[in-house]
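Values quoted throughout were computed directly from the atomic coordinates according to the rules given, and no laboratory measurement underlies them. Note that the structure is predicted; figures quoted are calculated from it, not measured. Ideal geometry is used to build each Cβ from the backbone, glycine not excepted, and the neighbour counts take in all protein chains shown.
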Amino acid sequence: MNPPNSLGESVSPKIAVIGCGHWGQNLVRVFHSLDALHAICESSPDRVVVANTLAPGIPILTDFESALRDPNINAVVIATPAETHAKIASAALDAGKHVFVEKPLALTYRDGLDLVRQAEERRLVLMVGHILEYHPAVIELVRRVKNGDLGKVQYIYSNRLNLGKVRKEENILWSFAPHDVAVMLRIVGAMPYEVIATGGTYLQPNIADVTVTHLLFDHGIRGHIFVSWLHPYKEQRLVVVGSKGMAVFDDVSKDRKLVIYDQGIDWVDGQPTPRKKDAEVVPISTAEPLRAEARHFLDAISNGAQPLTDGGSGLRVLEVLQAAQRSLCLSGQPVQLGKNRHEWESL
């Protein structure tokens, strides 16, 4: 990516956060703590009170168009409902603003692709909020996989389970699974060629509460993602199984966020024999992933660097999600990525 301005000069980020709901409040807090917050866009009176508490003295705008017209604001952070992401992000890019948009990038591949092209044409930063990719444990896990510490990756599975928060505007696949899809794609370093998804709908018509998604990659690698907001306890665990070892990322654990197991199957006298050794609990920084993510966005604006979770990264996650949604609607029929994508636009 080229520098954000034609002279290649450093740019001072001046942020407007659009939306101060459940997650937007965290973004307001973090960007304010980084001295980059210049405005908050929120029309709900109750949320305006919260915004004033989180960021005293920061102007509150009742519509996002006001932020887009303000020449002193050069970037926006979008934390609105997912169905509004594409419209607001497109308007912001058209107004010459750098954009950070919470996941998902959009709800259709076509809209996501339009945003990526728009940002490239205008030489603007487009970044997607895949927060787990900024988690110190995930960063270390990816590093170890790339270094070959686990050998050849064989399969990855993740459980993201909880009781609530149940949504009305999106199903559990779109609410929970983007995090794990993003991490799996980063670990494997490639896109799956096929996606299979099944699920159950119990609380609201046509909104899945539980889904299981299978990602099929080349070289026999498989990914499995189980998500549910109808679960008796909270679990956020991702397991990577390799030919030389295994790793567990457990985001619920306080002191065992990342554990490496020098375990596997060895062949002894022609027989598969389990190899079990002591686990290594990896020391992990307690740095807040959201703060690291926010700082990464600010650095990308200032230096013209390409973000880790740029528009292209968000688009790849979106393609997997949309293929999974297609399979879910077809009761688990396999969907091959890159084929008949135009059919997905109607979902």
Once phi is turned into ³J(HN,Hα) by the Karplus curve 6.51 cos²θ - 1.76 cosθ + 1.60 with θ = phi - 60°, what whole-Hz value does each residue of region 247-259 show in order, with x for glycine and proline?
9, 10, 9, 10, 6, 7, 5, 8, 10, 9, 4, 9, 10
Using mean Cβ contacts within 10 Å as the protection proxy, how do 158-169, 215-226 order, highest first?
215-226, 158-169
Nearest 10 degrees is fine. How inclined is helix 289-303 to the longest principal axis of the chain, computing both from alpha carbons?
60
First check a/c for the chain, with a ≥ b ≥ c the square roots of the eigenvalues of its C-alpha gyration tensor; if it is under 1.5, answer rounded, and if not, answer prolate when a/b is larger than b/c or oblate otherwise.
prolate
Which ³J(HN,Hα) values in Hz, rounded to whole numbers, follow from the phi angles of region 171-186 under the Karplus curve 6.51 cos²θ - 1.76 cosθ + 1.60, where θ = phi - 60° and Gly and Pro get x?
8, 5, 4, 6, 7, 9, 5, x, 4, 6, 4, 4, 5, 4, 4, 5
Any idea what the relative contact order of region 15-124 is, in percent, if you count C-alpha pairs under 8 Å spaced at least 6 apart?
25
What ranking do Leu258, Leu337, Leu105 get, fewest neighbouring Cβ atoms within 10 angstrom at the top?
Leu337, Leu258, Leu105
When a/c reaches 1.5 or more, the comparison of a/b and b/c decides; with that in mind, is region 212-256 rounded, prolate or oblate per its Cα gyration tensor?
oblate
Per-residue ³J(HN,Hα) for region 144-150, Karplus 6.51 cos²θ - 1.76 cosθ + 1.60, θ = phi - 60°, Hz, x for Gly and Pro:
5, 5, 5, 6, x, 4, 9
Let me check against my output: what whole-number percent is the relative contact order of the chain, with C-alpha pairs under 8 Å and at least 6 apart?
20
Using only Cα atoms, find the angle between the long axis of helix 109-122 and the longest principal axis of the chain, and express it within 0 to 90 degrees, rounded to the nearest 10.
50
For the chain, calculated [θ]222 nm from helices alone, where every DSSP H run of n ≥ 4 adds -39500 (n - 2.57)
-10000 deg cm²/dmol
Taking a ≥ b ≥ c as the square roots of the Cα gyration tensor eigenvalues, with a/c under 1.5 meaning rounded and otherwise prolate when a/b beats b/c, else oblate, which class fits region 15-124?
prolate
Proximal lysines relative to Lys257, as straight alpha-carbon distance under 26 Å, when same-chain residues fewer than 8 apart are discounted:
Lys103, Lys146, Lys152, Lys165, Lys234, Lys244, Lys276, Lys277
Treat the count of other C-beta atoms within 10 Å as a stand-in for reagent exposure and order Thr84, Thr62 from fewest to most.
Thr62, Thr84
Residues meeting the amide H criterion for Ala208 (H placed from the backbone, H to H distance under 5 Å, 5 or more places apart or on another chain) are Ile172
Suppose a student asked you for the relative contact order of region 177-307, using Cα pairs under 8 Å spaced at least 6 residues apart; what percent would you report?
12
If one compares the long axis through the Cα atoms of helix 311-329 with the longest principal axis of the Cα atoms of the chain, the angle in degrees, nearest 10, works out at 60
